[in-house]
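What follows is one structure encoded as structure tokens, with my remarks underneath.
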Amino acid sequence: MSGVRDFHDRVAVVTGASSGIGAGLARALAGRGARVALVARRADRLEELAREIERAGSRALPIACDVADEAAVQAAARRVIDELGRIDVLVNAAGHNRHVLFKDHPTSEIERTMRVNYLGVVHWIKATLPALRSQGRGWIVNVSSLAGKLGQPDEAAYSASKFAVTGLSEALSYELEPLGIHVMCVYPALVRTEMFDAETLARMPARSKDSFIEVDEFCETVLAALGRGAYEVTVPRPFAFVYLIRLLFPRMMRKQTAKIRLSVLPDLTR
Ligand SMILES: NC(=O)c1ccc[n+]([C@@H]2O[C@H](COP(=O)([O-])OP(=O)(O)OC[C@H]3O[C@@H](n4cnc5c(N)ncnc54)[C@H](OP(=O)(O)O)[C@@H]3O)[C@@H](O)[C@H]2O)c1
């Protein structure tokens, strides 16, 4: 299955389009000629982005929708087909994270994290699969996380939800390929977005603040990988070496992760 570089006459659905990575990918796809459906809960943000995209000469359809609500996702997918005619590309970027120790994280919030980060992806793939299948061609981009390959302290529920996205993506990359649908999973490390608010940054090592990349650079790398027909991409790409270190030197990896991540948590043993 090949990648995709030319987005003219293609329709892309981007979840999480009201900020950060989703908004960046929606802008980048529209800039390459795609008509884009913008999905998230904050309608005002989506409408503002849609106006910006339309001023630049592309078509954008804002749809307020909670990805955890399967019926709402089904209705949103029907609207995309009714108003934009088809679906070629699905980008699942909606997600949330709260840096909190597992012992202090209420089960209801852990469940919500799974519903948004994992089931949100499931709902959107289910809702768009008939359209992608009927065309015999399509691309799905799931945004996981480095925490979806390497379990991270203070992010246990988030890591678990992203591991689920990782497993789903890899499995579907096999299952859907014979149907003409390419599945790529993206592993961002640190991209400067609203996800890293002051409260979150306070629970991260000081030096990680120097490792952020900007959304535009991230989006360029992701779309280049999709163009090559990659099945996965870690951004920034050198972070992929960490997987190798974990495999070859697991004890060293544990020691480093514990040293870097645990030392900044005042409530670790409280
Ligand atoms: N930034 C990074 O370094 C980084 C690293 C690893 C992974 N990621 C992943 O990248 C994706 C985008 O994150 P970001 O960094 O761009 O964060 P962000 O700026 O906070 O964006 C998150 C987006 O998800 C949407 N969203 C959250 N819950 C939703 C729900 N229930 N239904 C629909 N939309 C929902 C938000 O929109 P509304 O609030 O308007 O609904 C927003 O558009 C996430 O999946 C995140 O886990 C990011």
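Miscellaneous remarks
- Residue pairs meeting the criteria (Cβ under 7 Å; at least 6 apart or on separate chains; first at negative phi, in the range 99-117; second surrounded by fewer than 18 Cβ atoms within 10 Å (Cβ to Cβ) and part of a helix (DSSP H, G or I)): HIS99/THR200
- Residue in the range 97-120 that is within 20 Å of ARG41 (Cβ to Cβ), within 15 Å of the ligand (Cβ to nearest atom) and part of a loop (DSSP other than H, G, I, E, B) present: yes
- Filtered residues of the range 153-178 (kept if closer than 22 Å to LEU129 by Cβ and either of a type in the set (Phe, Trp, Tyr) or within 16 Å of the ligand (Cβ to nearest atom) (or both)): SER161, LYS162, ALA164, VAL165, THR166, GLY167, LEU168, SER169, TYR174
- Close pairs (7 angstrom Cβ cut-off, 6 or more residues apart or separate chains): more than 20 Å from ILE81 (Cα to Cα) and near the ligand (Cβ under 6 Å from one of its atoms) in the range 2-21, of a type in the set (Gly, Ala, Ser) and not in a strand (DSSP E or B) anywhere: ILE21/ALA93
Rundown of residues vs (1) assigned to a helix (DSSP H, G or I); (2) away from the ligand (no atom under 14 Å from the Cβ); (3) closer than 26 Å to TYR158 by Cβ; (4) under 18 Å from the mean Cα position of the chain (by Cα), yes/no style:
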| position | (1), (2), (3), (4) |
| --- | --- |
| GLU47 | yes, no, no, no |
| GLU54 | yes, yes, no, no |
| ILE81 | yes, yes, no, no |
| THR128 | yes, yes, yes, yes |
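- Top-ranked residue of the range 201-221 - restricted to ones that are within 12 Å of the ligand (Cβ to nearest atom) and of a type in the set (Gly, Ala, Ser), ranked as modelled with the highest pLDDT: SER211
- Residues in the range 189-227 that are exposed (fewer than 12 other Cβ atoms within 10 Å of the Cβ) and basic (Lys, Arg): ARG207 alone.
Okay, residues lined up against (1) closer than 25 Å to ALA28 by Cβ; (2) within 12 Å of the ligand (Cβ to nearest atom); (3) in a helix (DSSP H, G or I); (4) touching a residue at least 40 places away in the same chain (Cβ under 8 Å):
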residue	(1), (2), (3), (4)
GLY151	no, no, no, no
PHE196	yes, yes, no, no
GLU199	no, no, yes, yes
LEU223	yes, no, yes, yes
GLY227	yes, no, yes, yes
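The values are calculated or read from the model by the stated rules, or taken from the named source; none is laboratory data. Keep in mind it's a predicted model, so treat the numbers as computed, not measured. Virtual Cβ from ideal backbone geometry, glycine too; neighbours counted across all protein chains shown.
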